[in-house]
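Below is one structure, written out as structure tokens; comments come after it.
The values are calculated or read from the model by the stated rules, or taken from the named source; none is laboratory data. Because the structure is predicted, anything quoted here is derived from the model rather than measured. No Cβ is skipped: glycine too gets one built from the backbone with ideal geometry, and neighbour counts run over all protein chains shown. Just the protein is used for accessible areas: all its heavy atoms, side chains included, with ligands, DNA and RNA removed. Shrake-Rupley method; radii C 1.70, N 1.55, O 1.52, S 1.80 Å.
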Amino acid sequence: MKPTDTNTVAEITAWLDAHSIDHTGKTAKADLLALATANNATSSAASAATSSAADSSAASSSAK
């Protein structure tokens, strides 16, 4: 789940790291949250693509 202003700076940076989002030079909570928000659509799209590929693979396997 995307971090919010209730998360600590450490939690936000951990989330950014887990999603391979560069936060070099950003130390303010607001700046880190802005990165998470700006990159959320990309992360969601990547997850959707992965999920869709897994669904296709499962359907292909069961059809054999």
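Just the residues that are open to solvent by 70 Å² or more (accessible area, probe 1.4 Å) and touching a helix residue (DSSP H, G or I) at 6+ places or on another chain (Cβ under 9 Å), please, taken from the stretch 26-42. Within the stretch 26-42, Lys26, Thr27, Lys29 meet the criteria.
For Ser62, are the conditions met, namely being of a type in the set (S, T, N, Q), open to solvent by 60 Å² or more (accessible area, probe 1.4 Å) and either at pLDDT below 90 or not in a helix (DSSP H, G or I) (or both)? Answer is yes for this residue.
Taking the criterion of being part of a helix (DSSP H, G or I), modelled with pLDDT under 90 and exposed (fewer than 10 other Cβ atoms within 10 Å of the Cβ), would at least one residue in the stretch 6-20 satisfy it? Looking for residues that are part of a helix (DSSP H, G or I), modelled with pLDDT under 90 and exposed (fewer than 10 other Cβ atoms within 10 Å of the Cβ), one finds none in the stretch 6-20, hence no.
Pairs linking a residue in the stretch 12-36 that is under 12 Å from Met1 (Cα atoms) to a residue that is of a type in the set (Ser, Thr, Tyr), with Cβ atoms under 7 Å and 6 or more positions apart or on different chains, are His19/Ser43.
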